[in-house]
Amino acid sequence: MATLKEISAELGLSVATVSRALNGFPEVNVKTRTKVQETAARLGYKPNRVAQRLVTGRSGMVGMIVKIKPDMSADQTFFEILTGLTAALSAHDVDLVLAVDQGGDPVKPYEKMLERDILDGFILNASAPNDPRVDFLLKMGIPFVLHGQDRFDPQYPFYDIDNRAVSADGVNMLEALGHRTIALINGGLHHAFAVERLAGFEEAMTSRGLDVVVENGAVLETHGYMAALNMLNGAAPPTAFMCASTVVADGVIRAIRDRGLRVPEDVSVMAHDDALPLTRAINFDPALTVTRAPLRDACGPLADILTDHLQGKPLKECQVLVKAELIVRGSTGPAPKEKSC
């Protein structure tokens, strides 16, 4: 395993310059820093964590606290996201320290981890409106990146999809197909993404003079089924459903078929797709129209943004908002023609 002295001898640079380059100091120009990093990788250099912290004040470790259900189950993407984040952070020579939270106080686990004084920052997921974790970390001056946004004009690093556009794009497409009665089966409003999708849906519908039909609730197949069944039994049943996820869409389609209706001839269905392994949109029959933004695609950007933030990049360069891709498949079609009396 190579040492700093061997790298400096190889490149004809001082040990101090090599150390600064490997630790991301801004006074080392990009060309030199890249050359040092490439040489270190070629020679098999591995940094000494203790020495690194003494030089930079950083440990090379970031934390993530995951909320686990009382039955100790996690969602479908848990292990995929965990491995993706670990790999993405490893590319920056940063380790992920994981902890679980089963308590009622969302801030307590962060207080406990900070007592150990071993972390450079945090990756936060599952953002809530006006998230108390955000307020706590901002008050303490602890670096973090949030997957999502919890407030208007956030003053912290984040990576998020444009959830208002998710709803607006769905309404635009369905209205163009002639649908006038469109329902949103949304997530619970304790999730920031659900609040934003509701706002986008309300804006898109009211701007067209259409009635807003919404059911907020848990992102579960049973929620989709019961909400859709109740709406389909109403006086003005929807001709199209927009669903919070493919899991919800699964329940909605089952309700439609239990009413003796067809997808998409009688009722169109679309969903937001986080590429859940057990409910892939392409495997639905018919294949499901989606606004697609896989959760795993957030792993690399979250790791990049947090490391950039730790290295002092301006806040605006550490805030990324992306648009979900609209993929039209067989579950959506023209609105059914009104039957004449």
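The values are calculated or read from the model by the stated rules, or taken from the named source; none is laboratory data. Please read these numbers as outputs of a predicted model, since none were measured by experiment. Note: ideal-geometry Cβ built from the backbone for every residue, glycine included; neighbour counts use all protein chains shown. The protein model used for the area step is the full one, side chains on, heavy atoms only, and it has no ligands, DNA or RNA in it. Shrake-Rupley method; radii C 1.70, N 1.55, O 1.52, S 1.80 Å.
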Exercise for the section: Could you let me know the centre-to-centre spacing of region 194-227 and region 286-301, using Cα atoms, in angstrom? Expected result: 20
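What's the Cα-based Rg to Rh of region 63-210, Rh via Kirkwood? Walk me through the intermediate numbers first.
Working: Rg = 18.2 Å, Rh = 17.4 Å.
Looking at region 63-210, the ratio lands at 1.05.
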Exercise for the section: Mind pulling the per residue volume of the convex hull built on the Cα atoms of region 90-171? Å³ is fine. Expected result: 136
Completion exercise
Relative contact order as a percentage, region 224-285, C-alpha pairs under 8 Å and 6+ apart, gives 38
Practice task
Can you bin region 227-341 into rounded, prolate or oblate? Criterion: square roots of the alpha carbon gyration tensor eigenvalues sorted a ≥ b ≥ c, rounded for a/c under 1.5, prolate for a/b above b/c, oblate for the rest.
Solution key: prolate
Practice task
Please give the helix 221-232 orientation as an angle from the longest Cα principal axis of the chain, in degrees from 0 to 90, rounded to the nearest 10.
Solution key: 30
Practice task
Would you work out the charge dipole size for region 94-167 about its Cα centre, treating the Cβ of every Lys and Arg as +1 and the Cβ of every Asp and Glu as -1, and quote it to the nearest 20 debye?
Solution key: 100
Problem - Calculated log₁₀ intensity ratio I(q)/I(0) where the Debye formula runs over C-alpha points of region 158-204, q = 0.20, 0.31 Å⁻¹ - result: -0.63, -1.15
Exercise for the section: Could you work out how far helix 192-206 tilts from the main Cα principal axis of the chain, as a 0 to 90 degree angle to the nearest 10? Expected result: 40
Practice task
With the Cα gyration tensor of region 137-262 in hand, convert its eigenvalues to equivalent ellipsoid semi-axes via √(5λ) and list them largest first in whole Å.
Solution key: 31, 17, 11
Exercise for the section: Of the options 186, 43, 278, report the single residue whose Cα projects farthest towards the positive end of the charge dipole of the chain (beta-carbon charges: Lys, Arg +1; Asp, Glu -1). Expected result: 43
Completion exercise
Probe 1.4 Å, heavy atoms of protein chains only: per residue, the accessible area of region 164-311 in Å² is 39
Practice task
Starting at the first residue of region 84-96, write each ³J(HN,Hα) from the Karplus equation 6.51 cos²θ - 1.76 cosθ + 1.60 with θ = phi - 60°, in whole Hz, x for Gly and Pro.
Solution key: x, 5, 4, 5, 5, 5, 4, 5, 9, 6, 10, 9, 9
Handout entry: Percent carbon-and-sulfur accessible area, the chain, ignoring ligands, DNA and RNA, probe 1.4 Å
Key = 54
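To the nearest 20 debye, what charge dipole does the chain have about its Cα centre, counting +1 at the Cβ of each Lys and Arg and -1 at the Cβ of each Asp and Glu?
On the way: 35 positive and 42 negative charges, 132 e Å.
For this selection, approximately 640 debye.
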Handout entry: Rotationally averaged projected area of the chain (alpha carbon convex hull; nm²)
Key = 20.2
Fill in the blank from the handout: So residue 316 and residue 116, fully extended at 0.36 nm per residue minus their Cα-Cα distance, gain in nm 69.0 nm
Practice task
Return one number: the angle in degrees, 0 to 90 and rounded to the nearest 10, between the long axis of the Cα atoms of helix 163-176 and the longest principal axis of the Cα atoms of the chain.
Solution key: 30
